[in-house]
Every structure is written in structure tokens, then in C-alpha cells.
Amino acid sequence: MIWIGGPPASGKTTVATRLACRHGLRLYSADTRTWVHRDRALAAGVAAAARWEAMTPAERWERSSVADMLEMSLHRQRGAMVIEDLAALPVSPPIVAEGSVLPPSAASRGIAVRSQAVWLIPTPRFQRQRLRARGTPPGPTRLYAALAALIRDEATRAGVQIITVDGSRDVAQIVAAVEEMLAAALVRGPRAGAAHERQALRSEANEAIAAQVHGYYARPWASGDPGAVVQLFICECGDATCCELVPMPVGALGSQRPAAPGHTCGDPGP
Ligand SMILES: [Zn+2]
């Protein structure tokens with residue numbers, strides 16, 4: 001198991017996706033489990049989860065204190081849920097787990113191996129730039145800044161490997177730095193070797209992305225058509241060197257497989 005943590009806008013999803021594609025590993029993105037996790041917290045009677053669901057967007061993002069936003073983000077509870085999720089996944093091929101809620105304390109508790117874990121921590125300035133470029137509204141921007149500070153502290157305390165992301169390196173350079181740090185873990189097998197195995201793993205990751213969108217629109221307070229939402233999906237051509245992301249409406253995923261221009265998806269096989 002490989003752990004790639006870090007707050008929103010640290011680039012961890014891109015890095016983890018590239019590593020999973022390139023090395024034939026299963027991708028677990030905690031960000032695709034938000035609604036499943038929130039439902040689990042509601043079922044467990046977590047008051048902060050119920051409070052958040054009952055609020056209007058303005059109450060959540062404009063009238064809540066940062067401390068309250070942090071509590072309602074379920075950062076701590078979701079960290080425990082990630083560990084449960086990972087324990088339930090098949091043991092082969094190795095998993096690249098990524099997400100803001102990955103708890104660095106997993107390393108101090110012996111659940112994560114330090115040489116197989118890295119946290120990407122953006123500088124406040126870099127995170128602000130990235131969030132602005134994404135059009136993130138002021139409320140979530142405040143929460144993400146607080147999460148960055150919290151996760152940096154947690155990662156430092158747990159003694160995990162940290163890469164500071166300040167914009168001086170591009171994504172390819174950060175991927176290379178992570179690969180170098182995790183080199184021993186990345187070559188440990190068994191990894192998906194055949195094209196149909198890689199295709200199956202990419203399809204699984206894409207289904208998780210679509211499920212997250214469906215999960216959002218299934219909330220009682222959400223409205224809109226999940227099928228019309230365009231997301232970036234991983235090309236399912238199954239080529240070991242391909243890590244391309246393909247924009248496609250979520251609704252099209254049922255009838256066509258995402259493929260970059262000129263790439264073809266064969267029979268996904270057994
Ligand atoms: Zn491709």
C-alpha cells in the first residue's frame with residue numbers, strides 16, 4: 001500500500017493517478033467517497049455530520065467559523081473510515097491511496113509504512129493560487145487553508161516524508177520526486193501487467209469518480225442532472241504508458257469507455 005496525502009490543491013490526486021497508471025496499481029481516492037463517508041457518519045450519529053446536512057450553503061460557508069467548518073468536514077472521522085475502506089480492498093495489486101483525509105497518524109500506528117508514504121504539503125501562497133485558478137469560493141478556500149495547516153502539523157508529528165509544493169516544480173517533476181522516494185515500494189509486485197488488467201483498474205477508478213457525482217446529486221438538498229456533469233476520466237486504453245485524462249459527461253460512462261483521441265479500448269476481458 002502506498003499513501004499519498006495532503007490538503008486540497010496540493011496536486012496529490014494527479015500524482016497518485018499517474019503513479020497508479022504507470023505502475024499498474026489500484027487507485028483509491030478518498031475524495032470519491034465523500035457521500036458514502038457522510039452517510040456512514042450520519043448513521044453513526046455524528047452530530048457535526050447531521051448539522052452540516054441541515055444547513056444552507058450560506059450557513060455552511062459564510063456563517064460558520066473555521067473551527068466549525070473543520071469539525072463538519074469530518075476530517076478525523078473520515079480518516080478512520082479510509083482505513084476501514086482500505087482494509088476491505090483486495091490485497092493485489094498494491095493500492096495507491098490518496099486523499100486529504102488520509103491520516104498521517106497511520107504511520108505512527110504502524111498501519112502505513114513510512115517508506116511507502118508521502119504527504120504533499122502546499123505553501124499557503126501556492127494553495128491560494130491553485131484554488132483561485134479552480135474558481136473555489138471564499139468559504140471552502142478558508143476551510144482548505146485550515147486543513148493545510150492541520151495536515152502539515154499532523155504529518156510533521158507522525159514523521160512521514162513530506163514534499164513541499166510551492167510551484168517551483170511542475171507535476172512531472174513532483175511525480176518523479178515521489179517515484180524516487182517510493183522507489184522500493186513501487187517495484188514490489190504483483191502489479192497489473194496485462195492491458196485488460198490495467199483497463200479493469202482504470203475502469204474501477206472511473207466508476208468511483210462517477211459514483212461521487214451521483215452521490216452528490218442524491219443528497220436531498222442537491223438538484224441537477226448528474227449525467228450532464230463533465231468529469232475528467234482516465235483513458236481506458238490500457239496502454240502502460242498512457243495516463244491521459246479525458247473529459248466526458250458522467251452519463252456517457254454507461255455506454256462508452258473514456259479514450260483519449262486516437263486511443264482504443266479493447267475488450268476489458270475477464
Ligand atoms: Zn490511452
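Taking amide H as placed 1.01 Å from N in the peptide plane, the amide H of residue 119 sits under 5 Å from that of 5, 161, 162, 163, each at least 5 places away or on another chain. Quick check: from the Cα gyration tensor, does segment 2-186 come out rounded (a/c under 1.5), prolate or oblate? Oblate, since a/c reaches 1.5 and b/c is not below a/b. With pairing defined as another cysteine C-beta under 4.7 Å, the cysteines of the chain that fail it are 235, 237, 242, 265. In the elastic network of the chain, a GNM with C-alpha springs shorter than 10 Å, the most mobile of 67, 30, 210 is 67. Here the chain is assigned +1 on the Cβ of each Lys and Arg and -1 on the Cβ of each Asp and Glu. Its dipole about the Cα centre then comes out at about 600 debye. Couplings 3J(HN,Hα) of segment 225-240, computed from phi: 9, x, x, 8, 6, 8, 10, 8, 10, 7, 4, 9, 5, x, 5, 4 Hz, in residue order, whole Hz [Karplus 6.51 cos²θ - 1.76 cosθ + 1.60, θ = phi - 60°; x for Gly and Pro]. What net charge is computed for the residues neighbouring residue 84, neighbours being all others with C-beta under 12 Å from the C-beta of residue 84, Lys and Arg scored +1, Asp and Glu -1? Value of the local net charge: +2.
Using a 10 Å cut-off around each Cβ, can you sort 209, 151 from fewest to most neighbouring Cβ atoms?
209, 151
When the chain is treated as a Gaussian network with alpha carbon springs shorter than 10 Å, the biggest mean-square fluctuation among 115, 223, 29 belongs to 223. Listed by Cβ neighbour count within 10 Å, with the fewest neighbours leading, 162, 4 appear as 162, 4.
Taking every C-alpha pair closer than 8 Å and separated by at least 6 residues, the mean separation divided by the residue count of the chain gives a relative contact order of 26 percent. For a quick check, take a GNM of the chain with Cα springs below 10 Å and name the residue from 135, 193, 227 with the largest mean-square fluctuation. The residue that fluctuates most here is 135.
Across segment 1-134, the relative contact order, built from alpha-carbon pairs under 8 Å that are at least six residues apart, equals 53 percent. Counting only Cβ charges, +1 for Lys and Arg and -1 for Asp and Glu, the dipole size of segment 154-270 around its Cα centre is about 200 debye. Each of 114, 132 has some number of other Cβ atoms within 10 Å of its Cβ, and from fewest to most they run 132, 114.
Values quoted throughout were computed directly from the atomic coordinates according to the rules given, and no laboratory measurement underlies them. Please read all numbers here as calculations on a predicted model, not as lab measurements. Reconstructed Cβ throughout: ideal geometry from the backbone, glycine too, with neighbour counts over all protein chains shown.
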